[in-house]
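S.K.: There's a structure below that I have some questions on.
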Amino acid sequence: MNQGRTRRARLKRSKTGCRTCRARHVKCDETPGKCQNCTSTGRQCDGYDTHRLPLPNKQTRHSERLALSPPVAVAVPWASTSDERRCFGFVQARTIPDVLSYFDSLIWEQFVLQMVRREPAVWHAVVALGAVHQHIEPGLMGGSTVWECMAVAQLTRSFACLRRRNPQDPQMREVTLLCCLLFTTMDIVRQEFGTAVQHIRAGLRILDEAQLSTSSDGQPFLRFWLHAFRHLDTQIGSDRLLMVEGSDGRSSTEDAGNAAVQPAVDPTWLSWTSHPQGPYTVASARHMLEPLYNRFFKFIRQCWRMSPAELQSAAAAPVLAEQASLATQYHRARQFWRIFRTEQDASRLSPKDERGAEVLEIWLTTVGLGLQTGPLHGDPTALQRFTPQYRDLLNRSQRFLARFPQRPTLLVDMGVLPTIFFVGDGCQDLSVRWEALQAHYAWPHQEGPFSAPLMAARLEHLIRAQLRVRVRADLVASLRLTSHQPGQLMTEIEVKSCLEEVEELVETETDRILEQMRSVSSCANEEDRERSAHMLSALDRMHDHWGSVARMKRIEGSSAL
């Protein structure tokens with residue numbers, strides 16, 4: 001009998017075939033459409049996976065062992081394939097610890113793993129998240145297209161499971177909300193902002209309907225979900241979603257249409273200023289500050305979408321009104337933060353809470369500077385006076401990173417990456433901007449919608465465009481001093497004629513300066529650059545969402561000969 005067991009254990013199991021046979025570990029006859037193994041025994045054939053994950057190579061296999069150790073066993077009562085278990089194991093060992101790096105979350109710590117045991121829709125959504133995470137994971141990318149196809153296939157299965165559910169099932173609401181949250185997270189990581197907004201809307205509609213039929217005892221549960229979706233809305237800076245809390249504490253959502261800026265003042269601030277309550281935790285402080293961050297992202301996005309001429313015209317009136325309103329809310333936030341810090345100084349925070357508190361404080365500083373510089377984004381001369389503030393903000397972010405040796409690759413919370421990009425985007429000191437670029441290359445990861453490789457590609461493009469403007473200006477100044485006769489300056493026609501001849505010199509000089517900067521200090525390697533090159537479509541989606549396409553064209557146009 002022992003020999004028989006040994007012989008059976010050594011038999012090779014099928015690595016291809018339909019999903020049902022692979023889950024049963026039996027050889028599939030691979031009949032097109034539905035296999036006869038399943039149909040002849042009355043089983044449902046789940047069809048064939050069009051795309052299979054790549055087998056790990058030596059380097060990937062070592063990295064994956066590190067990523068998946070120690071494994072956490074979670075049994076699911078339905079058939080699953082080796083590819084699905086591989087992605088789910090990655091979520092357990094890497095994704096969940098990564099997303100909890102800055103702040104605690106009951107959704108990720110408990111709710112996801114609880115629901116994945118009971119709901120196939122959640123299982124497939126979590127597996128899709130594992131594929132998306134590995135798609136952006138340095139060293140674990142076997143083939144970016146395969147990971148993407150795996151994620152899309154699992155999302156399709158999750159949608160199918162939701163459609164098969166009974167709408168009257170009391171668990172349907174929780175399952176759908178969790179799936180909406182997972183779908184939105186994946187779309188944000190993939191820079192698919194349009195579909196992310198659709199998923200947020202779907203979740204908020206469910207919350208609106210739930211509030212009408214939920215007693216006061218169930219309101220904390222709904223508020224828990226509202227905070228989660230408002231956090232996602234903050235990340236994408238959607239100007240079409242407006243989250244409102246009524247005087248009775250109930251929350252609702254409105255579609256803002258094409259309005260320029262939506263001053264969604266959260267009554268939480270009014271209640272806090274009227275009746276301050278404590279003590280505050282880092283988690284409660286984060287919820288208190290979320291409305292400010294939500295409005296700030298919408299404000300910055302709208303500023304970036306407007307040209308300098310528009311910001312100087314009557315069209316800027318709503319933006320300037322929002323700037324003034326935000327400034328009032330910002331000063332209240334500062335007042336709240338001083339009280340919070342005074343309370344926390346009396347008690348010792350855990351290292352994780354201290355890290356989270358520092359992230360919140362860095363963000364408060366970012367908001368304060370952004371409120372001053374947002375409407376000035378098209379005026380380099382006006383921005384120059386803020387160079388000391390930009391430099392201080394970058395130094396503070398770098399000190400934070402130095403005390404945070406862990407390097408997770410996927411964070412659902414926004415940390416210091418948006419702040420570092422904000423510095424690199426706005427500061428007119430080329431050395432500070434270059435330091436910000438190197439900080440992106442030094443830690444390739446993603447914080448919400450902010451991808452370090454994508455942001456690095458955009459910053460490098462911006463640095464080159466603005467450096468080219470400076471080189472051109474210097475050449476024009478030099479040419480104007482050149483004359484056929486002493487004491488005479490060249491005419492405009494003569495300058496343009498010469499500029500056409502020295503276009504190649506402009507490019508050469510720009511390349512020389514950039515290469516010199518790289519030789520002095522550069523954290524980018526060839527893999528980083530190739531990775532950015534393969535993400536051009538995602539970069540285009542990011543430019544379109546944040547309104548930076550027109551901005552880049554204006555910069556490049558100013559450098560045209």
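The values are calculated or read from the model by the stated rules, or taken from the named source; none is laboratory data. Only a predicted model underlies this, so the values are computations on that prediction, with no experimental measurement involved. All Cβ positions, even for glycine, are placed from backbone atoms using ideal geometry, and neighbour counts span all protein chains on display.
S.K.: Being outside any helix (DSSP H, G or I) and either touching an Asp or Glu at 6+ places or on another chain (Cβ under 8 Å) or not aromatic (Phe, Trp, Tyr) (or both), is that true of even one residue in the stretch 316-330?
M.R.: Taking the stretch 316-330 and keeping what is outside any helix (DSSP H, G or I), we get none.
Scanning the stretch 316-330, I find no residue that is outside any helix (DSSP H, G or I) and either touching an Asp or Glu at 6+ places or on another chain (Cβ under 8 Å) or not aromatic (Phe, Trp, Tyr) (or both), so the answer is no.
S.K.: Out of Gly33, Gly42, Gly4, which single residue is more than 19 Å from Leu129 (Cα to Cα), surrounded by fewer than 10 Cβ atoms within 10 Å (Cβ to Cβ) and at pLDDT 80 or above? Walk me through it before giving the result.
M.R.: Values: Gly33 fails: at pLDDT 80 or above; Gly4 fails: at pLDDT 80 or above.
Just one listed residue meets the conditions, Gly42.
S.K.: Scan the stretch 307-326 for residues that are surrounded by 14 or more Cβ atoms within 10 Å (Cβ to Cβ) and under 26 Å from Glu361 (Cβ atoms) and report the count.
M.R.: Number satisfying all stated conditions: 4.
S.K.: So, one more: Filter the stretch 94-139 for residues that are within 16 Å of Cys161 (Cα to Cα), buried (at least 22 other Cβ atoms within 10 Å of the Cβ) and among the hydrophobic types (A, V, I, L, M, F, W, C) and give the result.
M.R.: Correct list: Val116, Ala121, Val122, Trp123, Ala125, Val126, Val127, Ala128.
S.K.: So which residues in the stretch 137-165 are more than 18 Å from Asp49 (Cβ to Cβ) and modelled with pLDDT of 80 or more, if there are any at all? Reasoning before the result, please.
M.R.: Going residue by residue through the stretch 137-165, those that are more than 18 Å from Asp49 (Cβ to Cβ) are 137-141, 162-165.
Of everything in the stretch 137-165, those that are more than 18 Å from Asp49 (Cβ to Cβ) and modelled with pLDDT of 80 or more turn out to be Leu162, Arg163, Arg164, Arg165.
S.K.: Would you confirm, using the coordinates I've provided, whether Asp413 is within 28 Å of Pro97 (Cβ to Cβ), surrounded by fewer than 22 Cβ atoms within 10 Å (Cβ to Cβ), of a type in the set (Asp, Glu) and touching a Phe, Trp or Tyr at 6+ places or on another chain (Cβ under 6 Å)? Quick ask: steps written out before the conclusion?
M.R.: On the way: within 28 Å of Pro97 (Cβ to Cβ): yes; surrounded by fewer than 22 Cβ atoms within 10 Å (Cβ to Cβ): yes; of a type in the set (Asp, Glu): yes; touching a Phe, Trp or Tyr at 6+ places or on another chain (Cβ under 6 Å): yes.
So Asp413 passes the test.
S.K.: Still on this structure, please answer the following. Quick check: anything in the stretch 166-174 in contact (Cβ under 8 Å) with a residue 24 or more places away in the chain, in a helix (DSSP H, G or I) and not assigned by TED's automatic domain parsing to the domain that holds His445? Spell out how you get there, then give the answer.
M.R.: First pass over the stretch 166-174, keeping only residues in contact (Cβ under 8 Å) with a residue 24 or more places away in the chain: 171, 173-174.
Subset that is in a helix (DSSP H, G or I): 173-174.
Still in the running and not assigned by TED's automatic domain parsing to the domain that holds His445: 173-174.
Yes, some residue in the stretch 166-174 is in contact (Cβ under 8 Å) with a residue 24 or more places away in the chain, in a helix (DSSP H, G or I) and not assigned by TED's automatic domain parsing to the domain that holds His445.
S.K.: Might you let me know whether the stretch 191-198 holds any residue that is surrounded by fewer than 19 Cβ atoms within 10 Å (Cβ to Cβ), of a type in the set (Ser, Thr, Tyr) and at pLDDT 85 or above?
M.R.: Yes - at least one qualifying residue is present in the stretch 191-198.
S.K.: Just need a number here: residues in the stretch 45-100 that are modelled with pLDDT of 80 or more, more than 30 Å from Pro32 (Cβ to Cβ) and either of a type in the set (Lys, Arg) or assigned to a loop (DSSP other than H, G, I, E, B) (or both).
M.R.: Of the residues in the stretch 45-100, 2 are modelled with pLDDT of 80 or more, more than 30 Å from Pro32 (Cβ to Cβ) and either of a type in the set (Lys, Arg) or assigned to a loop (DSSP other than H, G, I, E, B) (or both).
S.K.: Within the stretch 336-355, restricting attention to residues that are loosely packed, with under 13 Cβ neighbours inside 10 Å and of a type outside the set (Val, Ile, Thr), which residue is modelled with the lowest pLDDT?
M.R.: First, the residues of the stretch 336-355 that are loosely packed, with under 13 Cβ neighbours inside 10 Å: 338, 342, 345-348, 350-351.
Now drop any that are not of a type outside the set (Val, Ile, Thr), which leaves 338, 345-348, 350-351.
Working: Arg338: 89, Asp345: 67, Ala346: 55, Ser347: 65, Arg348: 77, Ser350: 86, Pro351: 86.
For the stretch 336-355, the residue satisfying everything is Ala346.
S.K.: Do the conditions hold for Gly370, that is, is it of a type outside the set (A, V, I, L, M), under 24 Å from the mean Cα position of the chain (by Cα) and either part of a helix (DSSP H, G or I) or farther than 25 Å from Pro453 by Cα (or both)?
M.R.: Spelling it out, Gly370 is indeed of a type outside the set (A, V, I, L, M), under 24 Å from the mean Cα position of the chain (by Cα) and either part of a helix (DSSP H, G or I) or farther than 25 Å from Pro453 by Cα (or both).
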